[in-house]
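Just below is one structure, and these are the notes that go with it.
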Amino acid sequence: MKNIKKIVFITTILVAIGTGNLFARSKKTIVVGSANGGGSRLFQGLIAVAKEAGLIDDEFKKLGYKTEYQTFENGIAVNEAFLANEVDFAYIGDVPGITGLSNNVGSVWIGSDLGISTLGIAVHPSSSARKAEDFIGKNVAVNIGTNAHLLYGKYFEAAGIKPSQFNTANLTLANAALAVVTGNADAAIGDVTVLIPLEKKGDLKIIFTTLEKPEWASQLLLLGNKKLLKKNPELGVAFLKAIIRARLLIEKNPDTYYGIISANALANDLETAKKLFNSDGKFEALNPEITESSISRAQSLDDYFYSIGRLNAKKDVKTFIDTSYYEKAAKELGIGKF
């Protein structure tokens with residue numbers, strides 16, 4: 001597939017309205033979502049620790065709410081859920097997050113999760129491909145519109161190679177990796193926490209990661225349902241309190257939580273987990289606060305995707321941000337800067 005169309009959300013609106021399910025769920029139930037890459041992964045990052053440690057349930061229970069958790073195939077599906085009012089909080093990659101901003105899906109950026117989410121490119125172990133030029137005329141599998149799209153664009157652009165010079169298969173990361181393993185694709189691009197275990201099994205060979213080019217890495221955003229938070233701001237505070245408490249737990253006993261942070265992908269590979277999530281010894285990659293650095297990265301991403309025609313309108317990402325929930329949560333917990 002050489003020509004990739006822009007993401008359209010109109011169908012979701014019609015389906016949601018047509019089925020009348022916009023407000024079908026209980027008003028006292030909070031739905032927290034994540035993208036699983038089309039595979040068996042569940043939650044990852046700070047939100048995974050907050051979920052597994054019962055912190056999210058605890059904070060919402062104090063306000064009289066129960067919590068439901070839902071996984072979606074990718075960040076595009078999370079955006080569609082926000083648009084249909086079917087999810088209240090979620091973590092999402094910056095690419096679909098910024099796409100959601102451009103398409104006004106009704107979400108607001110209220111916190112950060114993984115400030116640096118490492119991406120990689122993997123080939124079959126028998127492949128001799130080691131650089132972008134080696135994929136001319138070949139099949140590259142990537143989930144368009146997700147975080148992996150940034151690395152996909154930058155990697156080939158830096159080598160002066162246009163998408164028309166190779167074939168693009170729009171697949172979830174799980175299916176992209178499988179396509180390489182089975183010989184149906186020459187490269188898979190996506191989150192290294194999915195690719196690394198497959199490499200250790202001998203199924204794939206990782207030839208590039210954004211550890212070499214941090215500016216091509218992604219970040220995971222914590223989003224809230226704008227309509228919900230306008231009526232119930234205390235819910236945003238409760239959610240961020242759970243996330244902050246998760247960060248504090250990780251600091252106290254990181255080895256216990258590295259596996260959970262990686263969606264259990266690196267539970268038996270603490271060395272790699274430390275490299276990805278705590279390379280500086282200060283957990284800078286796990287900062288729930290929206291920093292100027294994370295805003296700058298998001299704005300650069302918006303500018304880039306608009307420049308290549310992926311976004312319909314150029315946006316100021318600061319209009320997508322509300323830090324009030326984090327600030328109040330941090331104050332209530334007596335937390336300063338991480």
**Request:** Rank-order 113-123, 272-282, 256-266 by packing density, defined as the average count of other C-beta atoms within 10 Å over each peptide's residues, highest first.
**Result:** 113-123, 256-266, 272-282
**Message:** Checking a compactness column here: for the chain, what do you get for Rg(Cα) / (2.2 N^0.38 Å), N being the number of residues?
**Reply:** 0.96
**Message:** Using just the Cα positions, wrap region 294-338 in a convex hull and report its mean projected area in square nanometres, one decimal place.
**Reply:** 3.8
**Asked** What order, most packed first, do the peptides 324-337, 92-105, 296-309 have when packing is the mean number of other Cβ atoms within 10 Å of each residue?
**Response** 92-105, 296-309, 324-337
**Prompt:** Taking amide hydrogens as modeled 1.01 Å from N in the peptide plane, which residues meet the under 5 Å criterion relative to V31, leaving out close sequence neighbours?
**Reply:** E68, D88, F89
**Message:** I'd like the Karplus ³J(HN,Hα) series for region 130-139: coefficients 6.51, -1.76, 1.60, θ = phi - 60°, whole numbers in Hz, and an x wherever there's a Gly or Pro.
**Reply:** 9, 9, 4, 4, 6, 9, 4, x, 9, 10
**Prompt:** 222 nm [θ] for the chain, helices only, -39500 (n - 2.57) per DSSP H run of 4+, per residue, to 500?
**Reply:** -12000 deg cm²/dmol
**Message:** If the reach is capped at under 20 angstrom between alpha carbons, list the aspartates and glutamates near K275, excluding any in the same chain fewer than eight residues apart.
**Reply:** D113, D191, E199, E212, E215, E251, D255, E284
**Fill in**
Computed for the chain: size of charge dipole around the Cα centre, +1 on C-beta of each Lys and Arg, -1 on C-beta of each Asp and Glu, debye to nearest 20, value 600
**Asked** In whole angstrom, how far apart do the alpha carbon centroids of region 40-114 and region 270-338 sit?
**Response** 15
**Cα radius of gyration and Dmax for region 86-131 (Å)** = 16.3, 46
**Item:** Cα Rg, Dmax (largest Cα-Cα span) when computed across region 152-195, Å
**Value:** 11.1, 29
**Fill in**
For region 255-338, shape from the Cα gyration tensor axes a ≥ b ≥ c, cut at a/c of 1.5 then a/b versus b/c, turns out oblate
**Asked** If you place +1 on the Cβ of every Lys and Arg, -1 on the Cβ of every Asp and Glu, and leave all else neutral, what size is the dipole of region 41-143 about its Cα centre, to the nearest 20 Debye?
**Response** 280
**Span-like helix ranges in the chain, DSSP H, alpha carbon extent 20 angstrom or more, Kyte mean at least 0.0** = 233-252
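All of the numbers you see were taken from the coordinates with simple rules; none came from a lab. Small disclaimer: the values here were computed from a predicted structure and weren't measured. Backbone-built Cβ (ideal geometry, glycine too); neighbour counts: all protein chains shown.
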